[in-house]
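A short worksheet on the structure shown next.
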Amino acid sequence: MRMRKIPWAVEYLEQAKCRIKEPEQYMGKWKQFLDTEVLHVEIGCGKGNYSLGMSKLYPREGFVAIEKNDSAAGVAAKKYDTDTEKGKLCLIRGDAQTLNEWFGKQEIDVIHLNFSDPWPKKRYAKRRLSNTRFLEQYKEVLAKDGQIQMKTDNAKLFEYSLIEFQNAGFQMFEVNVDYRKEPHPEDVETEYEEKFVAKGQPIYRCVWKR
Ligand SMILES: C[S@@+](CC[C@H](N)C(=O)[O-])C[C@H]1O[C@@H](n2cnc3c(N)ncnc32)[C@H](O)[C@@H]1O
């Protein structure tokens with residue numbers, strides 16, 4: 001899924017206040033930095049609505065949104081910088097492949113994966129955010145009682161993820177194959193989710209524990 005380049009957003013990203021330019025410097029100190037006891041990390045935040053909304057719903061909890069695409073990250077950054085009601089929220093522009101260079105062991109309480117790119121071709125499977133390569137990293141940075149929450153519209157990616165999580169030793173905690181029929185009252189729709197829900201497509205959701 002390629003995103004159209006948004007020049008103003010790419011330019012904005014450079015001087016964004018919410019952006020953490022050297023995330024490795026915060027390793028082991030994110031909770032202190034965000035003044036929270038609960039740390040959430042969203043990987044692939046796109047244009048940023050989910051973490052922004054969640055930071056308002058859970059104002060005592062801290063949120064780090066990660067996005068590798070400059071245009072999407074720039075749009076998210078502008079929202080985060082200008083929304084005066086946002087909670088404890090910051091942004092990393094980067095590829096989550098280096099997640100364990102940014103976060104310390106067991107530092108994260110909840111990892112959110114929302115509508116990750118499915119990378120349908122087998123040769124690109126390692127780029128999926130629920131691929132074993134990523135799951136092994138999540139195990140390192142996730143707290144002992146931590147959770148990974150995943151939502152997707154893609155049945156094949158969902159099936160693939162169920163197998164990968166299970167093989168990596170995660171315990172399934174919740175599963176829903178038509179999540180919007182019974183959504184959690186305190187959850188936020190992402191940009192992609194809004195589009196899929198409008199088209200009447202089912203949303204798959206699962207929650208895993210270590
Ligand atoms: C399909 S979009 C979904 C965006 C948003 N989560 C939503 O639901 O509206 C997936 C996003 O994940 C980002 N992404 C994919 N792999 C990533 C990685 N390894 N590190 C950071 N971001 C990633 C992509 O750039 C893209 O913006």
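The values are calculated or read from the model by the stated rules, or taken from the named source; none is laboratory data. From a predicted model like this one, the values you see are computed outputs, not experimental measurements. We place every Cβ from the backbone using ideal geometry, glycine too, and count neighbours over all the protein chains shown.
Before moving on, here are some points about what is shown:
- Single condition V75 does not satisfy, out of (1) in contact with a Lys or Arg (Cβ under 9 Å, 6 or more places away or on another chain); (2) under 18 Å from V188 (Cβ atoms); (3) touching a residue at least 60 places away in the same chain (Cβ under 8 Å); (4) away from the ligand (no atom under 15 Å from the Cβ): (4)
- Residue count, region 1-20 (criterion: touching a residue at least 24 places away in the same chain (Cβ under 8 Å) and out of contact with any helix residue (DSSP H, G or I) (no Cβ under 6 Å at 6 or more places or on another chain)): 5
- The number of residues in region 1-19 being closer than 18 Å to D83 by Cβ, of a type in the set (D, E, K, R) and loosely packed, with under 12 Cβ neighbours inside 10 Å comes to 1.
- For G104, the test of being of a type outside the set (A, V, I, L, M, F, W, C) and touching a residue at least 40 places away in the same chain (Cβ under 8 Å) is passed.
- Some residue of region 79-87 being in contact with a Ser or Thr (Cβ under 6 Å, 6 or more places away or on another chain) and more than 9 Å from the ligand (Cβ to nearest atom): yes
- Contacts under 7 angstrom Cβ, first residue in region 133-144 being loosely packed, with under 14 Cβ neighbours inside 10 Å and modelled with pLDDT of 95 or more, partner not in a helix (DSSP H, G or I) and not aliphatic (A, V, I, L, M), 6 or more apart: K144/Q106; K144/R210
- Of the residues examined, L89 is one that is hydrophobic (A, V, I, L, M, F, W, C), buried (at least 16 other Cβ atoms within 10 Å of the Cβ) and in contact with a helix residue (DSSP H, G or I) (Cβ under 8 Å, 6 or more places away or on another chain).
- Members of region 145-190 that are at pLDDT 95 or above, of a type in the set (K, R) and crowded, with 16+ Cβ neighbours inside 10 Å: K151
- F196 under 20 Å from Q97 (Cβ atoms) and either outside any strand (DSSP E or B) or among the hydrophobic types (A, V, I, L, M, F, W, C) (or both): no
- Unique residue being over 16 Å from V141 (Cα atoms) and without any contact (Cβ under 8 Å) to a residue 24 or more places away in the chain when the list is T84, T98: T84
- Identity of the residue in region 114-136, within 14 Å of the chain's Cα centre (by Cα) and part of a helix (DSSP H, G or I), that ends up farthest from the ligand (Cβ to nearest atom): L135
Residues are listed down the side, and each one gets a yes or a no for (1) over 23 Å from V75 (Cβ atoms); (2) of a type in the set (S, T, N, Q); (3) touching a Leu at 6+ places or on another chain (Cβ under 9 Å):
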{"residue": "L99", "(1), (2), (3)": "no, no, no"}
{"residue": "F103", "(1), (2), (3)": "yes, no, yes"}
{"residue": "H112", "(1), (2), (3)": "no, no, no"}
{"residue": "Y138", "(1), (2), (3)": "yes, no, yes"}
{"residue": "V188", "(1), (2), (3)": "no, no, yes"}
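- Some residue of region 145-166 being part of a loop (DSSP other than H, G, I, E, B) and more than 13 Å from the ligand (Cβ to nearest atom): no
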